[in-house]
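Encoded as structure tokens, the structure appears first; notes follow it.
The values are calculated or read from the model by the stated rules, or taken from the named source; none is laboratory data. Here the structure is a predicted model, which means the values were calculated and not measured. Backbone-built Cβ (ideal geometry, glycine too); neighbour counts: all protein chains shown. Side chains are part of the model used for accessible areas, which takes the heavy atoms of the whole protein and leaves out ligands, DNA and RNA. Shrake-Rupley method; radii C 1.70, N 1.55, O 1.52, S 1.80 Å.
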Amino acid sequence: YTHGVLERLRDPKELFIMSKKYLSKNGIFFTSVANDFNLFQAAALKKIKKPWWIVAPEHINYFSIKSIFNLFKKTGYKVLEKNSSFPLEIFLLMDENYVQNPNLGKKIHKKRIIFEKSLKDSGLSELNDAYLNALSNLGIGRQIDMIGCKKR
């Protein structure tokens, strides 16, 4: 399990390779990384003019859904599941610039929570899951969660 780690490693591929040695026969490898340079960010960047997701020097790697998927494949993992989180950049595209206004960031985070809770409370949790999965298929979403197992 890694969350927000791969962005900070000099050689993320090495972690994938090393982890395979320690996984049991049915073991899984999970990672969660920021989905950087996605299409919503590209659209919002036209308004903001500064790539707010660049976090130097902490982040020395940046990932997209395609690049993390390829890293799984190249290191001998079969991807079992992939998903994205709610695309917060959608608020930037609606002129709610949380990048320049941290207080607005808290507000839009609450809106995201209300949206997802509303679907759950309406008995539509599966719709929310399908929505986030569809976003991942489009390469959109703030965070990428991916689960893989060793290829046999």
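On full extension, the segment bounded by LYS110 and ILE54 gains 17.8 nm, given 0.36 nm per residue less the C-alpha separation. Per-residue 3J(HN,Hα) values for region 92-100, derived from phi via the Karplus relation 6.51 cos²θ - 1.76 cosθ + 1.60 with θ = phi - 60°, read 4, 6, 9, 6, 10, 7, 6, 5, 8 Hz in sequence order (x marks Gly and Pro).
If you average the C-alpha positions of region 18-70 and of region 96-152 separately, how far apart do those two centres end up, in angstrom? Computed from Cα coordinates, the inter-centre distance equals 15 Å. The helix-only estimate of mean residue ellipticity at 222 nm for the chain, built from DSSP H runs of length n ≥ 4 each weighted as -39500 (n - 2.57), is -14000 deg cm²/dmol after division by the residue total.
Put simply, the amide H of GLN143, placed in the peptide plane, has neighbours under 5 Å in ASN35, SER85, leaving out anything fewer than 5 places away on its chain.
Each eigenvalue of the Cα gyration tensor of region 9-98, multiplied by 5 and square-rooted, gives one semi-axis; in descending order these are 31, 15, 10 Å.
Listed by chain and number, the lysines whose C-alpha is less than 24 Å from the C-alpha of LYS21, apart from same-chain residues fewer than 8 away, are LYS13, LYS73, LYS74, LYS78, LYS82, LYS150, LYS151. Compared with the dominant principal axis of the Cα atoms in the chain, helix 65-74 is inclined by about 0°.
Among the GluC sites (Glu not before Pro) found in region 38-141, those both in a DSSP coil and sparsely packed, with 12 or fewer other Cβ atoms within 10 Å of their Cβ, are GLU58.
Overall, the accessible surface of the chain at a probe of 1.4 angstrom is composed of carbon and sulfur to the extent of 58 percent.
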